[in-house]
Amino acid sequence: MRLLLPLLFLLPACAPMLPAVTDSDRAWARQAFPETQDDLDTSRGLYAMKCSGCHMLVLPPKVPQAEWPRVVEKMQPKAKLNDDEKARILRYVLTASRPGIAVTP
């Protein structure tokens, strides 16, 4: 437990490197996923929290949008994602990796 405590403070440091959710992102997501009122900021945090537990976070634009469903499906059991968490993370990475999004280092 004493070893885990310092790591918990590092998790929030991973999130700033992710693309910030913009109004353009929200508009795109509302059109792409009209069945949901998903909060992309919360989904971004979920991605950072769940996915950084085992590996460095991948910036969503660095993976082709068409590949994300397969990647998230493969990682679901490893990250112990329930179906709702999987769907939320997928909506975030699909939004953040859509064509025309710049990849930042």
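What follows draws every value from the coordinates through simple rules; no lab data is involved. Just so we're clear, the structure is a prediction, and the values are computed from it rather than from any experiment. For neighbour counting, all protein chains shown are included, and Cβ atoms are generated from backbone atoms with ideal geometry for every residue, glycine included.
Along the three principal axes, how long is segment 39-105 when you take its alpha carbons, biggest first, rounded to the nearest angstrom?
Principal extents (largest minus smallest coordinate, Cα): 31, 22, 21 Å.
May I ask for the net charge around K86, where only other residues with Cβ less than 12 Å from the Cβ of K86 are counted and Lys, Arg are +1 while Asp, Glu are -1? Present the calculation step by step, with values, prior to reporting the outcome.
Working: positive: K50, K74, K78, K80, R88, R91; negative: E73, D83, D84, E85.
Every neighbour counted, the sum reads +2.
Given segment 39-105, what count of lysine pairs have C-alpha atoms under 13 Å apart, with each pair 8 or more places apart or on different chains?
On the way: K50/K78; K50/K80; K50/K86; K74/K86; K78/K86.
Counting lysine pairs in segment 39-105 gives 5.
Simple spin-label model, 7 Å along Cα-to-Cβ: R70 to S24 in nm?
With each label point 7 Å from Cα toward Cβ, the separation is 2.8 nm.
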